[in-house]
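Asks: Got a structure for you, written out below as structure tokens; questions coming shortly.
Each value in this text was obtained by applying a stated rule to the coordinates, not by laboratory testing. As the structure is a computational prediction, the values presented were derived from the model and not from experiment. Cβ sites come from the backbone with ideal geometry, for glycine too, and all protein chains shown count toward neighbours.
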Amino acid sequence: MTDVVEESEVAAVDRVIIRFAGDSGDGMQLTGDRFTTASAINGNDLATFPDYPAEIRAPAGSLAGVSAFQVQISDHDIMTPGDAPEVMVAMNPAALKSDLHLLTPGGTLIVNNDTFEERNLTKAGYDYNPLEEGDDLSGYRTISVPMTSLTKEACKELGVKPRDAERSKNFFALGLVSWMYSRPIEPTLDWIDQRFAGKDQIISANKAAFSAGHVYGESAELGDQRVVVKAAPLTSGTYTNINGNTALSWGLIAASQLSDLPLFLGSYPITPASDILHELAKHKAFGVTTFQAEDEIAAVGAALGASYGGHLGITTTSGPGVALKSETMGLAISLELPLVIINIQRGGPSTGLPTKTEAADLLMAMYGRHGESPLPIVAAKTPSECFFAAIEACRIALEHRTPVMLLSDGYLANGSEPWLLPDVDDLEPINIEFATEYNHIGEDGEAGYWPYLRDENLVRSMAIPGTPNLMHRIGGIEKEDGSGNISYDPTNHAHMVEVRAERVKRVKVPDIEVAGDPDAEVLVVGWGSTWGSITSAMGRVRSSGHKVAHAHLSHLNPFPKNLGEILEGRTHILIPEMNMGQLSLMLRAEYLVDAKSISKVAGQPFTAGELEQTILDYIEGKSKS
């Protein structure tokens with residue numbers, strides 16, 4: 001099967017936003033992923049948003065079971081999966097009911113009409129068929145396609161049972177949309193061969209369904225719907241399409257290589273962090289050891305033990321797991337041992353919204369341990385930038401002998417974008433030295449080893465257990481500075497509290513840079529995954545003739561040294577964040593500025609349109625706050 005597209009046959013558009021929606025068993029994530037991969041190979045810039053149902057397996061056809069995948073592809077640089085889809089594929093009534101409100105007015109709706117039968121309509125809350133009655137679909141271009149029956153027909157000659165053939169209907173949808181948007185087909189066909197190798201009937205059925213969808217587009221007089229999105233002018237080099245959890249995993253491996261330390265991951269499976277465990281388990285060849293513990297406490301304990309033994313100790317989790325790990329994190333602070341705690345944030349509290357994004361664990365990262373127990377905090381801002389955030393968190397942990405919290409979220413973890421692979425020779429090595437000899441002469445003239453003697457950055461000496469003659473004592477009870485002996489002395493405890501705080505303050509972080517108009521009265525300060533939406537909104541506001549500036553924080557403790565200077569003198573300081581104003585609270589306390597929080601806690605990321613309007617309201621004096 002070949003697909004030669006003459007540019008004269010189709011209209012060129014600069015971008016398109018497509019949303020695939022269906023039951024959680026309809027393969028919408030796979031469909032979106034395959035469309036995304038074909039677009040990446042085509043050279044488009046892209047951004048994705050997999051929108052999973054919260055239920056592991058909700059009843060088929062129910063609203064709770066709707067799974068969606070949104071992707072924006074373009075011929076220019078983009079930062080988000082788009083505010084609203086212009087095209088939506090709805091595989092059943094529940095998907096239509098759940099997501100139709102997201103579709104842009106005048107957008108294209110592609111519906112699998114075979115599923116619009118009474119039983120499925122009732123499950124979705126319809127007492128009528130919206131394809132035949134009512135005005136639900138007025139204002140949209142609706143393409144009603146019998147995807148299920150056409151898929152069965154295409155597979156009939158292959159000897160595939162009708163029930164088995166029905167499972168391939170997502171490939172029919174993929175074939176149709178691939179035709180409409182002039183996607184290359186070979187990558188999908190090759191992937192089917194690789195993914196289902198040894199299962200010839202499944203390969204044949206999926207290919208037949210994909211081809212049937214493609215042919216349907218050609219034969220159903222949909223020519224006016226066919227467009228092409230040309231390749232984006234990307235910097236030359238080798239690219240891969242990568243999501244945040246994979247990039248983060250690769251960053252941890254890179255940090256292990258840069259520090260020449262074996263990597264140990266202690267983890268308990270939890271959404272949306274589990275894929276890091278899955279990815280790292282594939283890379284034993286790089287000296288990676290993965291341990292799936294029986295619970296969160298065992299996982300962090302094992303990771304801290306590995307750090308004590310001279311490994312790069314990592315533990316991964318989400319918000320509920322951080323709460324369980326807090327005691328061991330406090331132990332790591334007392335021991336002054338390197339440890340990286342990765343928190344892929346999700347909606348809370350408690351079990352909350354396991355598959356929905358939120359960024360409400362910042363204050364827990366800052367203060368969620370008993371006693372005075374500061375630790376550095378690093379936050380990733382894009383899926384691909386998770387790679388560098390992981391290296392940075394490991395660098396701080398190892399060079400400063402401290403636990404570090406690395407914050408990502410479900411939006412970054414599952415979203416993907418093209419990534420220009422870095423030259424590994426350009427990555428800075430992480431220099432670590434372990435004690436191998438005595439470092440102290442006692443009053444009696446005898447040489448010995450003191451584990452809490454410090455350098456100019458207040459970083460203590462560290463000897464790997466088993467190093468000859470360097471036996472020493474560490475533990476959770478307060479230590480005497482220098483010797484490491486147990487101490488209950490009030491003056492020593494006050495001194496150690498101050499030293500631990502000062503050691504974090506001395507972590508070197510780069511100055512924050514200001515994008516946009518440096519002299520603007522309105523400054524938008526962001527952190528984490530809000531970067532894409534803020535950057536897109538900024539572009540729209542500035543293109544309308546207004547001035548606005550943007551500063552994005554990757555280091556949240558300690559703050560960059562120039563942050564106070566950047567905040568000074570602004571009329572409005574706006575802080576979009578997926579919580580109720582946690583960074584705003586921190587900036588108000590630290591710099592005494594009138595920071596205004598723009599909060600969203602709906603389990604969904606900000607759209608650029610939402611932030612654009614809010615920023616304009618402040619610029620034009622319409623905001624009431």
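Asks: For a quick protection proxy, order the peptides 61-74, 357-370 by their average other-Cβ count within 10 Å, most packed first. Before the final figure, lay out each step's value.
Replies: Numbers: 61-74: 22.7, 357-370: 20.6.
The most tightly packed comes first, giving 61-74, 357-370.
Asks: Between E610 and S219, what length in nm is gained on full extension when 0.36 nm per residue of separation is reduced by their alpha carbon distance? Write out the running numbers ahead of the final one.
Replies: Numbers: separation 391, 0.36 × 391 = 140.76 nm, distance 4.00 nm.
Extra length from E610 to S219 when fully extended: 136.8 nm.
Asks: While we're here: Going 7 Å from the Cα of A602 toward and past its Cβ, which residues in region 10-29 have a backbone nitrogen under 15 Å from where you end up?
Replies: Counting only backbone N, you get no residues.
Asks: OK, next. Cβ neighbours within 10 Å, averaged per peptide: list 286-296, 48-58 in order, most packed at the top.
Replies: Sorting 286-296, 48-58 by mean packing, highest first, produces 48-58, 286-296.
Asks: Using the Karplus curve 6.51 cos²θ - 1.76 cosθ + 1.60 with θ = phi - 60°, what ³J(HN,Hα) values do you get for each residue of region 466-474, in whole Hz, with x for Gly and Pro?
Replies: So the J values, rounded to whole Hz, are x, 5, x, 6, 9, 5, 8, 10, 9.
Asks: On each of the three principal axes of the Cα atoms of the chain, give max minus min coordinate, whole Å, ordered largest first.
Replies: Per principal axis, max minus min of the Cα coordinates gives 95, 63, 48 Å.
Asks: Can you give the FRET efficiency to the nearest 0.05 for L63 and L158, using r as the Cβ-Cβ distance and R₀ = 45 Å?
Replies: So, using R0 = 45 Å, E works out to roughly 0.85.
Asks: Measuring from label point to label point, each 7 Å out along Cα→Cβ, what is the F286 to L363 span in nm?
Replies: Each label point lies 7 Å from its Cα, and together they span 3.7 nm.
Asks: Test of the criteria: in region 428-535, which chymotrypsin sites (Phe, Trp or Tyr not before Pro) are in a DSSP loop and have at most 16 other Cβ atoms within 10 angstrom of their Cβ? Provide the component values of the computation, followed by the final result.
Replies: Values: sites: F434, Y438, Y449, Y452, Y488, W527, W531; in loops: F434, Y438, Y449, Y488.
Listed in order of number, the matching sites are F434, Y438, Y488.
Asks: If the label point is 7 Å along Cα→Cβ of L324, which residues in region 246-263 have backbone nitrogen under 15 Å from it?
Replies: Those under the cut-off are none; the list is empty.
Asks: Which GluC sites (Glu not before Pro) from region 92-174 combine a DSSP loop assignment with at most 14 other Cβ atoms within 10 Å?
Replies: Working: sites: E117, E118, E132, E133, E153, E157, E166; in loops: E117, E132, E133, E157.
Passing both the DSSP loop test and the Cβ count: E117, E132, E133, E157.
Asks: Please give the charge dipole size of region 331-422, origin at the Cα centre, charges +1 on K and R Cβ atoms and -1 on D and E Cβ atoms. Round to the nearest 20 debye. Write down the numbers at each step before the final one.
Replies: On the way: 6 positive and 9 negative charges, 26 e Å.
It comes to approximately 120 debye.
Asks: Ok, one more. If we sort 537-544, 277-284 on the protection proxy, mean other Cβ atoms within 10 Å, highest first, what's the order? Walk me through the numbers before you get to the answer.
Replies: Numbers: 537-544: 18.5, 277-284: 16.8.
Per-residue mean Cβ counts within 10 Å order the peptides as 537-544, 277-284.
Asks: For the chain, what does -39500 (n - 2.57) per DSSP helix run (n ≥ 4), summed and divided by total residues, give at 222 nm, in deg cm²/dmol to the nearest 500? Can you show the working numbers first?
Replies: Working: 20 runs with 219 residues, N = 625.
After summing the helix terms and dividing by residue count, I get -10500 deg cm²/dmol.
Asks: Also: With charges only on Cβ, +1 for K and R and -1 for D and E, what is the dipole size of the chain about its Cα centre, in debye, rounded to 20? Can you show the working numbers first?
Replies: On the way: 48 positive and 82 negative charges, 184 e Å.
Roughly 880 debye for the chain.
Asks: Quick check on region 29-188: take the gyration tensor over C-alpha atoms, sort the square-rooted eigenvalues as a ≥ b ≥ c, and tell me if it's rounded (a/c under 1.5), prolate or oblate. Could you put the intermediate results ahead of the total?
Replies: Numbers: a/c = 1.63, a/b = 1.18, b/c = 1.38.
Verdict is oblate for region 29-188.
Asks: How much length is gained if the chain between D617 and D77 is pulled fully straight, taking 0.36 nm per residue apart and subtracting their Cα-Cα distance, in nm to one decimal? Could you put the intermediate results ahead of the total?
Replies: Details: separation 540, 0.36 × 540 = 194.40 nm, distance 2.66 nm.
Between D617 and D77, full extension yields 191.7 nm more.
Asks: I would also like to ask the following. Please list the equivalent ellipsoid semi-axes of region 301-440, computed as the square roots of five times the alpha-carbon gyration tensor eigenvalues, in descending order and whole angstrom.
Replies: Details: eigenvalues 138, 95, 22 Å².
Whole-Å semi-axes of the equivalent ellipsoid: 26, 22, 11.
Asks: Looking at the chain, what % of its DSSP beta bridges pair antiparallel, to the nearest 5?
Replies: Working: 32 of 84 bridges.
Beta bridges within the chain, antiparallel portion: roughly 40 percent.
Asks: At a Förster distance of 60 Å, what's the computed FRET efficiency of D200 paired with S543, Cβ-Cβ distance as r, to 0.05? Walk me through the numbers on the way to the answer.
Replies: Details: r = 54 Å, r/R0 = 0.89.
It comes out at approximately 0.65.
Asks: Right, something else. Residue by residue, what Karplus-based ³J(HN,Hα) values in Hz, rounded to whole numbers, does region 18-32 have, using 6.51, -1.76 and 1.60 with θ = phi - 60° and x for Gly and Pro?
Replies: Listing the rounded values in order: 10, 10, 9, 9, x, 5, 5, x, 8, x, 5, 5, 5, 4, x Hz.
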